């Protein structure tokens, strides 16, 4: 096995690999030839015999941090069940582009994809998918707020939307080019810092932590 380029490997065995993804890199292939480079493809290249679809969960292209990928069909199936049954623990750290009131709370909002403005998502209390996020203020730094997020659901753009929307925290994440003032990939200050799950073969509880790069 060779180390996938541009990825920090926190754990590897014959069943899974846990990586630390940099901001700006896709988790899975996107549309078009120019968007094929991603974590999944780099892992497939580095680990001979890896299944064709090793991705079990995803991070947005601009989100950095922890991802677990399956190298076998059995591991993929077992991990997918853990994610579906909400047995996986995830924590994120974000830097918000302003100050927010309060020290902690829960955001519950419904969003859906705007088909006329992909990949943007919009608030829709009637047809949107329900998303729930616990949050805790960590610090205020030069007019910006450092927050820990604990998502209880895994909706697309959930943390970015729950941060930016007026019915959520009302302040976008720094560098968010969809819902804030970011101007390009790799600027988003959102990092998947903790990941907990049971090993798909041994069932041993596993916890990984990643240093926040901002």
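Going by the conditions given, is residue 86 under 18 Å from the mean Cα position of the chain (by Cα) and either in a helix (DSSP H, G or I) or closer than 18 Å to residue 206 by Cβ (or both)?
Yes.
Which condition does residue 108 not pass, out of (1) part of a strand (DSSP E or B); (2) buried (at least 21 other Cβ atoms within 10 Å of the Cβ), if it passes all the others?
(2)
Take the residues in segment 8-20 that are without any contact (Cβ under 8 Å) to a residue 60 or more places away in the chain and crowded, with 19+ Cβ neighbours inside 10 Å, then tell me which one is farthest from residue 37 (Cα to Cα).
Looking at the filtered set, the residue picked out is 17.
Quick one: in segment 56-78, which of the residues that are farther than 19 Å from residue 92 by Cα and crowded, with 16+ Cβ neighbours inside 10 Å is farthest from the chain's Cα centre (by Cα)?
Per the criteria, the residue is 72.
In segment 167-209, which residues are on the phi > 0 side of the Ramachandran plot, exposed (fewer than 15 other Cβ atoms within 10 Å of the Cβ) and in contact (Cβ under 8 Å) with a residue 24 or more places away in the chain?
Result: 170, 186.
Give the number of residues within segment 111-166 that are surrounded by 15 or more Cβ atoms within 10 Å (Cβ to Cβ), without any contact (Cβ under 8 Å) to a residue 40 or more places away in the chain, out of contact with any strand residue (DSSP E or B) (no Cβ under 6 Å at 6 or more places or on another chain) and not in a strand (DSSP E or B).
The total comes to 1.
None of the figures in this text is laboratory data; all of them are computed from the coordinates on show. Everything quoted here is computed from the prediction, not taken from an experiment. Note: ideal-geometry Cβ built from the backbone for every residue, glycine included; neighbour counts use all protein chains shown.
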